[in-house]
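Input: a single structure, listed below in structure tokens.
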Amino acid sequence: MKTIIVWYRNDLRLSDHPALITAVEAADVVVPVFIFNDSLLTGHHSSANRNRFLLECLSDLKHNLQAKGSDLLVRSGQAEEILVALANELEADEIYYSADYTPHAIKRDKAVKAALESAGLKFRGFPGRLAVSSLENLKTKAGTLHKVFTPFYKNWLQIERRQLAVLPDSLTPLATHIDVGNFEVIEDSIDTKLLSPDVLKGGETAARKRLTEFLDTGINTYQETNNNMSMAGTSRLSSYLHFGCLSPLEIETLLPQSTGAEAWRRQLAWREFYHYILFFFPNNAQQEFQERFRSLKWEKNETAFVAWALGKTGYPVVDAAMRQLLQEGWMHNRSRLIVGSFLTKDLGLDWRLGEQHFMRWLIDGDEANNNGNWQWIASVGVDPAPVFRRLYNPTLQQLNYDPDGSYVRKFVPELNDVPDKYLAEPWTTPAAIQQSSNCLIGRDYPAPIVDHKLARVAALDRYREASASQITDS
Ligand SMILES: Cc1cc2nc3c(=O)[nH]c(=O)nc-3n(C[C@H](O)[C@H](O)[C@H](O)COP(=O)(O)OP(=O)(O)OC[C@H]3O[C@@H](n4cnc5c(N)ncnc54)[C@H](O)[C@@H]3O)c2cc1C
């Protein structure tokens with residue numbers, strides 16, 4: 001009797017799961033397992049919000065596997081030791097997994113592969129994390145690696161996709177003597193003080209519901225609505241994609257033919273672009289992709305960082321965005337761009353501080369996407385553009401992308417009664433109106449912690465100083 005272990009990581013679904021379906025076709029019994037380790041539970045990148053979401057994903061996966069007659073085994077410890085022990089116990093000789101492309105995952109999988117092979121076991125990776133099956137074929141016409149998004153995107157669109165993997169209605173049950181384990185270790189690890197109150201529910205079931213809703217109501221208008229921070233114009237599928245509750249390839253096949261759908265597919269390609277970049281340039285995890293900016297002199301200002309993180313900078317749109325992160329464990333993409341520009345350009349603080357703060361709170365916090373986007377907005381990464389293009393004026397951003405102020409008023413309630421005319425720059429509100437709108441600047445809402453006009457000049461100077469090449473300011 002042939003037994004194959006399927007090691008689940010961030011591919012927490014049944015639908016279109018190539019590792020699972022190949023195992024089901026090749027073996028008499030398939031044993032799905034998830035392994036907790038210290039790095040996931042309490043490591044540098046751990047997050048209470050993400051771990052709670054993960055717990056929900058795993059409970060849902062277990063439930064869905066049980067509905068097909070199988071189950072999810074749960075273990076805790078070093079993956080290589082657990083997999084070898086489990087293979088011995090179950091007399092399995094192969095372990096299948098979905099390939100992951102981040103430096104951390106690649107290092108881990110190398111160590112696991114070596115340990116399994118020396119124990120006589122086969123360790124086989126499968127696609128499924130991305131819509132394309134491999135990143136290796138994506139090259140420029142000159143045969144070099146892509147460093148600019150648009151040519152990557154055009155190339156990515158042309159790459160042939162694999163067939164979707166379809167699972168049978170039922171799976172072979174696991175032997176009754178196997179200890180299936182439980183979720184205690186992750187339940188115990190979650191620090192409830194660091195949980196956001198208004199979050200989406202994790203798991204493939206919730207993900208499919210959200211996807212159906214978006215395809216029914218949002219996809220065709222995506223292009224017009226996706227930049228407005230107060231509209232539910234985006235899919236909010238990022239956390240499900242991060243944990244692999246949905247297959248990006250399956251979503252691609254479900255997209256209608258419309259301008260909105262094409263604009264959305266382009267966003268999906270950004271996700272694949274940043275996975276590609278970190279895969280081929282793993283040092284980006286620590287340092288700026290652009291060498292000339294590795295000597296940037298970042299400010300050291302803990303007070304400013306805390307004001308940013310808590311949403312108390314005195315710039316309403318920045319504060320609304322940062323409070324949305326704490327409240328929902330998610331932030332609108334336009335808001336992420338605004339707060340990223342504000343941290344790195346207006347406050348002159350190191351983008352790595354922002355990256356870490358996002359990793360602590362975002363449910364979709366993803367090493368590749370977070371790093372790539374932080375480097376992009378800090379103007380130090382791939383897909384370069386002149387610094388001034390990614391140096392946003394918070395007032396104009398608010399007026400353009402929250403024109404009626406509903407986003408700001410939702411997350412910064414102390415500005416509720418401030419008239420529209422002053423909402424983007426509340427410090428300009430005349431004293432009598434501050435009184436009548438119950439919002440005294442400096443008492444009820446902070447005065448701006450920085451003057452954007454001056455900060456803009458200082459930022460351009462900072463980049464100019466670090467760079468050997470000329471930085472223009474318009
Ligand atoms: C500073 C900064 C940090 C970010 N950190 C993360 C992160 O840790 N994890 C993460 O998933 N996204 C990150 N993003 C990208 C983007 O903001 C989110 O993916 C998006 O807001 C998720 O919402 P949505 O699912 O409604 O997106 P939609 O607009 O519906 O887009 C569909 C999908 O495309 C992908 N996508 C969209 N925009 C981007 C982008 N700019 N880069 C990469 N993928 C994208 C996501 O998977 C998203 O779910 C970051 C952006 C910035 C500016």
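Of note:
- Residue match in segment 183-192 (condition: out of contact with any Leu (no Cβ under 9 Å at 6 or more places or on another chain), of a type in the set (A, V, I, L, M, F, W, C) and either under 26 Å from V74 (Cβ atoms) or surrounded by fewer than 19 Cβ atoms within 10 Å (Cβ to Cβ) (or both)): no
- Restricted to segment 362-397, and to residues there that are more than 10 Å from the ligand (Cβ to nearest atom), not charged (D, E, K, R) and not in a loop (DSSP other than H, G, I, E, B), the residue that is surrounded by the most Cβ atoms within 10 Å (Cβ to Cβ) is P394.
- Condition check for H332: touching a residue at least 12 places away in the same chain (Cβ under 8 Å), closer than 26 Å to L54 by Cα and buried (at least 24 other Cβ atoms within 10 Å of the Cβ): yes
- Of all the numbered requirements in (1) within 29 Å of A92 (Cβ to Cβ); (2) under 19 Å from the mean Cα position of the chain (by Cα), S235 misses one, and that requirement is (1).
- Yes/no for A378 being at pLDDT below 95, closer than 22 Å to L278 by Cα and in the same structural domain as R443 (by TED's automatic domain parsing): no
- The residue pairs whose first member lies in segment 148-173 and is outside the structural domain of I5 (by TED's automatic domain parsing) and at positive phi, whose second member is among the charged types (D, E, K, R) and surrounded by 11 or more Cβ atoms within 10 Å (Cβ to Cβ), and whose beta carbons are closer than 9 Å, counting only pairs six or more residues apart or on different chains, do not exist in this structure.
- When L249 is tested against (1) within 20 Å of the chain's Cα centre (by Cα); (2) within 12 Å of the ligand (Cβ to nearest atom), exactly one condition is not met: (2).
- From the options A131, A142, residue that is surrounded by fewer than 11 Cβ atoms within 10 Å (Cβ to Cβ), hydrophobic (A, V, I, L, M, F, W, C) and closer than 30 Å to A385 by Cα: A142
- Once segment 351-360 is narrowed to residues that are under 21 Å from V408 (Cβ atoms) and either of a type outside the set (F, W, Y) or outside the structural domain of F305 (by TED's automatic domain parsing) (or both), the residue that is nearest to the ligand (Cβ to nearest atom) is G354.
- Residue match in segment 398-406 (condition: assigned to a loop (DSSP other than H, G, I, E, B) and among the hydrophobic types (A, V, I, L, M, F, W, C)): no
The values are calculated or read from the model by the stated rules, or taken from the named source; none is laboratory data. A quick note: this is a predicted structure, and the numbers were derived from the prediction, not measured. Note that each Cβ is placed from the backbone with ideal geometry, even for glycine, and that neighbours are counted across all protein chains shown.
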